[in-house]
Structure formats: structure tokens, C-alpha cells
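Visitor: First, the structure itself, so that you have it in front of you.
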Amino acid sequence: MSDLNSISDEEVKHIAELAKLSLNEEETKKYSSELTNILNMIDSLNKVNTDDVKPTTNMSNELARLREDKAVINKGECEALLNNAPEIENGFIKVPSIINEEEK
């Protein structure tokens, strides 16, 4: 299979940086190869003639069992959850920021 959609090491490093991941050279090369293989498999699938194939909307003949969509609020469970949180602010669990202010 030819590498029609080759992913370079630089592209992998850029993606890793966006995802806030640090990769060593071995991992960069591994992911470059794996992502290239994935894109080439997708390219192969895109070449398959599916003109006469009906779209699959459900893998089972079973009907979906639906229930009424209503909110269930259990005050005791919320309080227990908040009691286990390391930090709370205004009734919510406070988590560290994942967005660097300089990147906005």
C-alpha cells in the first residue's frame, strides 16, 4: 500500500502540541506511521463501490425502548458528590484551567 496520505513527524509533533502531549522521537515516528496507515485504510475504504448498498440505520431488528425524558434531581447525591470534590466554587466542582490565556 502506498503512502498517499503520509503524515510527517512535524505534523505529529504539531498535533501533539495542540493536544498538550509530549512525545519522544520514538513515539513521534510510531504515531506518524500509525496515522499514515489509518489514512491509507480510509482511502482504500473510500474506493469501495457502495452504489447499490442501502445505508444501515440500525444493526438490530429490535425496536428502541424509549422512556419519558425528564430530569431527575437527587439533592443527596449532588451533595455527596460535592463533598468528595477537592475544590468547590459556587456549587460546582472547580477544576484546573486547560486553556492557556496566551493562546486565546
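The values are calculated or read from the model by the stated rules, or taken from the named source; none is laboratory data. Note that the structure is a prediction, hence the values are computed from the model and not measured. Neighbour counts run over all protein chains shown; Cβ positions are idealised from the backbone, glycine included. With ligands, DNA and RNA removed, areas are computed over all heavy atoms of the protein, side chains included. Shrake-Rupley method; radii C 1.70, N 1.55, O 1.52, S 1.80 Å.
Visitor: Against the definition (of a type in the set (S, T, N, Q) and surrounded by fewer than 10 Cβ atoms within 10 Å (Cβ to Cβ)), how does N58 come out, yes or no? Before the answer, list the steps.
Guide: Values: of a type in the set (S, T, N, Q): yes; surrounded by fewer than 10 Cβ atoms within 10 Å (Cβ to Cβ): yes.
Criteria met by N58.
Visitor: Something else about it: Of the conditions (1) assigned to a helix (DSSP H, G or I); (2) among the basic types (K, R); (3) open to solvent by 100 Å² or more (accessible area, probe 1.4 Å), K13 clears all except one; give me its number.
Guide: (3)
Visitor: So, one more: Tell me, which residue of region 16-41 that is hydrophobic (A, V, I, L, M, F, W, C) and outside any helix (DSSP H, G or I) is nearest to I99 (Cα to Cα)?
Guide: Looking at residues that are hydrophobic (A, V, I, L, M, F, W, C) and outside any helix (DSSP H, G or I), I get A19.
Visitor: Out of curiosity, is S6 hydroxyl-bearing (S, T, Y), at pLDDT 85 or above and assigned to a loop (DSSP other than H, G, I, E, B)? Can you show your working first?
Guide: Details: hydroxyl-bearing (S, T, Y): yes; at pLDDT 85 or above: yes; assigned to a loop (DSSP other than H, G, I, E, B): yes.
Criteria met by S6.
Visitor: Output yes when any residue across region 42-54 is modelled with pLDDT under 85, among the basic types (K, R), open to solvent by 80 Å² or more (accessible area, probe 1.4 Å) and out of contact with any strand residue (DSSP E or B) (no Cβ under 8 Å at 6 or more places or on another chain), and no when none is. Give the derivation first.
Guide: Of all residues in region 42-54, those modelled with pLDDT under 85 come to none.
No: zero hits.
Visitor: Among the residues of region 61-86, which ones are surrounded by 10 or more Cβ atoms within 10 Å (Cβ to Cβ) and either touching a residue at least 40 places away in the same chain (Cβ under 8 Å) or not charged (D, E, K, R) (or both)?
Guide: C78, A80, L81, L82, A85 - these are the residues of region 61-86 that are surrounded by 10 or more Cβ atoms within 10 Å (Cβ to Cβ) and either touching a residue at least 40 places away in the same chain (Cβ under 8 Å) or not charged (D, E, K, R) (or both).
Visitor: Okay, moving on. So, S8, is that one of a type in the set (S, T, N, Q) and either open to solvent by 100 Å² or more (accessible area, probe 1.4 Å) or more than 21 Å from the chain's Cα centre (by Cα) (or both) or not?
Guide: yes
Visitor: Mind listing just one residue for me: the one in region 22-41 that is closer than 13 Å to S8 by Cβ and among the small types (G, A, S) and, of those, surrounded by the fewest Cβ atoms within 10 Å (Cβ to Cβ)?
Guide: Step one: filter region 22-41 for residues closer than 13 Å to S8 by Cβ, giving 28-29, 31-33, 35-36, 39.
Within this subset, residues satisfying the condition of being among the small types (G, A, S) are 32-33.
Working: S32: 20, S33: 15.
Going through the qualifying residues, I end up with S33.
Visitor: Exactly one condition in (1) touching a residue at least 12 places away in the same chain (Cβ under 8 Å); (2) open to solvent by less than 90 Å² (accessible area, probe 1.4 Å); (3) in a loop (DSSP other than H, G, I, E, B) is not met by I98; state its number.
Guide: (2)
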